[in-house]
Amino acid sequence: MTEKFPVLTFGQIPIIDKSEWNIKLFGLVNNEICLKWNDIMSIKQISVEAEFHCVTQWSRLVNRWEGVHFKSIIDLLGVHNEAQYVMIHCYGGYTTNLPLDVLIEEDVMMAHRHDGIALSAEHGGPLRLVVPKRYAWKSAKWVNGIEFMSENRAGFWESRGYHMDGDPWKEQRFK
């Protein structure tokens, strides 16, 4: 357990200007769209208090995240019925995969604030995915794309031996 919020990142930390940031939503959807920062901020904002677990065996039990419920974003698209999985794409080439049914849970969000402070670049700012019921590598930083898929594909860490689901309560660290 830690009160700190450690920074673990593979590769360089991108510095992303909010005025240039965007996120593309594509794949098995009726309407492929590209959202800008102001589009995200115009969606109803929520706050979620949740645990955060890292595969490197630290946990931070109390975190207050602020942002947009993930389901609010996908409601803009008209996701096809055959879309059962999602690949999250990030600046710097990082990806992670998740089942769509996990992403529409009430505590999953695209966050821009943590404990009342705007997310720093080191912690995934300006916008990161937060999936509290999965290990932190699934809570991708610097998200710039959300791809809806019919088949599950391995993301960056998953293709290097990490578990496809990453449930901390089942100790799903590696294949």
>> Could you work out how much longer the chain between Asn30 and Ala154 gets when fully extended? Use 0.36 nm per residue separation minus the Cα distance between them, nm to one decimal.
In response: 42.2 nm
>> Below 8 Å, C-alpha to C-alpha, sequence gap of six or more: please give me the relative contact order for the chain in percent.
In response: 25
> Hey, what's region 47-132 come to in accessible area per residue, 1.4 Å probe, Å²?
Replying inline: 38
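Using a probe of 1.4 angstrom, how much of the accessible area of the chain is carbon and sulfur, in percent? Intermediate results must be reported in sequence, preceding the final value.
Working: 4320 of 8630 Å².
Carbon-and-sulfur percentage of accessible area, whole number: 50.
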> Can you tell which of Ile104, Leu25, Ala50 lies farthest toward the positive end of the dipole of the chain, using +1 and -1 charges on the Cβ of basic and acidic side chains (Lys, Arg; Asp, Glu)?
Replying inline: Ala50
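The values are calculated or read from the model by the stated rules, or taken from the named source; none is laboratory data. Fair warning: this is a prediction, and the values are worked out from it, not measured in the lab. As a convention, Cβ positions derive from the backbone with ideal geometry for all residues, glycine included, and neighbour counts pool all protein chains shown. The protein model used for the area step is the full one, side chains on, heavy atoms only, and it has no ligands, DNA or RNA in it. Shrake-Rupley method; radii C 1.70, N 1.55, O 1.52, S 1.80 Å.
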